[in-house]
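The block underneath contains the structure these notes are about, expressed in structure tokens.
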Amino acid sequence: MSHRHPEASRGVWVAAMMADMTTVSAPLGITGATGRLGGRIARRLADAGVAQRLLVRDPARAPRLPNTVVARAAFGDTEAVAEALAGVRTVLMVSASESADRVAQHRSFVDAAASAGVRHLVYVSFYGAAPDASFTLARDHSATEQHIRASGPAWTFLRDNMYADFLPLLVGADGVIRGPAGDGRVAAVAQDDIADAATAVLLDPDAHAGRVYSLTGPASLTLTEVAATIAAVTGRPVSYHEETVPEAYESRASYGAPDWEVDAWVSTYTAIAAGELATVTDDVRRLTGRPATSFAEVLRRSSQ
Ligand SMILES: NC(=O)c1ccc[n+]([C@@H]2O[C@H](COP(=O)([O-])OP(=O)(O)OC[C@H]3O[C@@H](n4cnc5c(N)ncnc54)[C@H](OP(=O)(O)O)[C@@H]3O)[C@@H](O)[C@H]2O)c1
């Protein structure tokens, strides 16, 4: 149940529940709302009564929320992004799905946002983003951050550790987590905590301009401890088997994935081994006013 926005020349739709055009005169621009993290954030902002413009690739899959305009705009579509962001002051930029040209898509989006007059970009980055990070995708996040810093608008970076919600996906069908993580630790963070932190930033962006937040869970776990926690909460036997780096490439070769993707998979583990995902921060509590959620609690909630 949506209808064509009268002012739209392409791809802009108004959610049927939108009550009053005046409430969207300076909306927040939100990307990734059809996904897990962006969807959580959009729902929280709607609950807070905030007007939003959701930039999505497929409007049919956009969440239906009050005071919300939905615009079709993939990151790489400069014209659609600029049109969708006209009149938008602050944008949440959820990093795009992994692809060989993701950084180019990010740069294109940032340039289009800046040229549309956006004044503040809140970017969902990765913990320890740096040009020489072990995790190859953290280098891409660093390149995106550098582009944003040079682009003009104010910025805030939310550098998320590994999603705690995703750790169960590391477990193979045989109940084993395999990878070259040694006995390194990971301070994985709940997506609900990131969503609460991002919402706090988006509700008062000026207070967070020029700030980098490193969002982690409340504890740093080895993969042996991750496996034991999954086993304890789910009752299913789970263990961790340490691979060497050559073994890790060998065991993933059968997927036929491109080199950049296999490098990303393997370096998830080598980054843990190197201690680059280990340090717990207080940033979730600083932004949300409450402690970060434990991994066991994330598992319990997801099984409810
Ligand atoms: N920290 C971690 O452990 C970790 C793990 C995995 C991923 N990530 C990153 O975190 C992001 C958010 O995670 P998530 O769980 O919310 O992922 P998700 O559920 O896959 O959602 C990704 C969202 O981004 C949108 N998107 C992807 N590529 C896009 C593009 N080129 N242009 C416009 N929109 C695009 C997707 O739109 P569609 O619905 O149209 O696909 C979707 O709404 C991921 O995209 C990825 O960059 C982080």
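So in the stretch 156-270, what percent of DSSP beta bridges are antiparallel if you round to the nearest 5?
Details: 3 of 13 bridges.
Roughly 25 percent of the DSSP beta bridges within the stretch 156-270 come out antiparallel.
Residue by residue through the stretch 244-251, what is 3J(HN,Hα) from phi via Karplus (6.51 cos²θ - 1.76 cosθ + 1.60, θ = phi - 60°)? Round to whole Hz and write x for glycine and proline.
7, 4, x, 4, 5, 5, 4, 6
Explain nothing, just compute: Karplus ³J(HN,Hα) = 6.51 cos²θ - 1.76 cosθ + 1.60, θ = phi - 60°, for every residue of the stretch 163-174 in order, whole Hz, x for Gly and Pro.
Karplus-based 3J(HN,Hα) across the stretch 163-174 equals 5, 4, 4, 8, 4, x, 6, 6, 7, x, 4, 8 Hz.
In whole Å, what is the distance between the alpha-carbon centres of the stretch 235-257 and the stretch 185-213?
32 Å
At q = 0.16, 0.20, 0.22 Å⁻¹, what log₁₀ I(q)/I(0) does a Debye calculation on the Cα points of the stretch 163-275 give, no solvent, two decimals?
Debye output, listed in q order: -0.82, -1.08, -1.20.
Show the residues, 5+ positions off or on another chain, whose built amide H is closer than 5 Å to the amide H of Ser125.
Residues meeting the criterion, in which the H sits 1.01 Å from N, are Leu158, Arg159, Asp160.
Please list 3J(HN,Hα) in residue order for the stretch 127-134, calculated via the Karplus relation 6.51 cos²θ - 1.76 cosθ + 1.60 where θ = phi - 60°; whole Hz, with x for glycine and proline.
Coupling constants for the stretch 127-134: 3, x, 3, 6, x, 10, 4, 4 Hz.
Going by amide H atoms built from the backbone, whose H comes under 5 Å of the H on Arg211, apart from near neighbours?
The answer is Phe157.
Diagonalise the Cα gyration tensor of the chain and give the resulting equivalent ellipsoid semi-axes, square root of 5 times each eigenvalue, largest first, whole Å.
On the way: eigenvalues 240, 85, 67 Å².
Over the Cα atoms of the chain, the semi-axes work out to 35, 21, 18 Å.
About the Cα centre, and with charges only on the beta carbon of Lys, Arg (+1) and Asp, Glu (-1), how big is the dipole of the chain? Nearest 20 debye, please.
Approximately 1060 debye in magnitude.
Cα convex hull of the stretch 40-196: mean projected area in nm², to one decimal?
Numbers: hull surface 42.6 nm².
With every direction weighted equally, the projected area is 10.6 nm².
Which percentage, to the nearest 5, of the DSSP beta bridges contained in the chain is antiparallel?
On the way: 9 of 43 bridges.
Antiparallel: roughly 20 percent of the beta bridges in the chain.
5 Å is the cut-off here: which amide hydrogens, built 1.01 Å from N in the peptide plane, fall below it relative to Val70, excluding neighbours closer than 5 in sequence?
Trp13, Val14, Ala15, Leu54
We did not get these values from a lab; they are worked out from the coordinates using the rules stated. Model, not experiment: these values are computed from the prediction. FYI the Cβ positions are ideal-geometry reconstructions off the backbone, even for glycines, and counts take in every protein chain you see.
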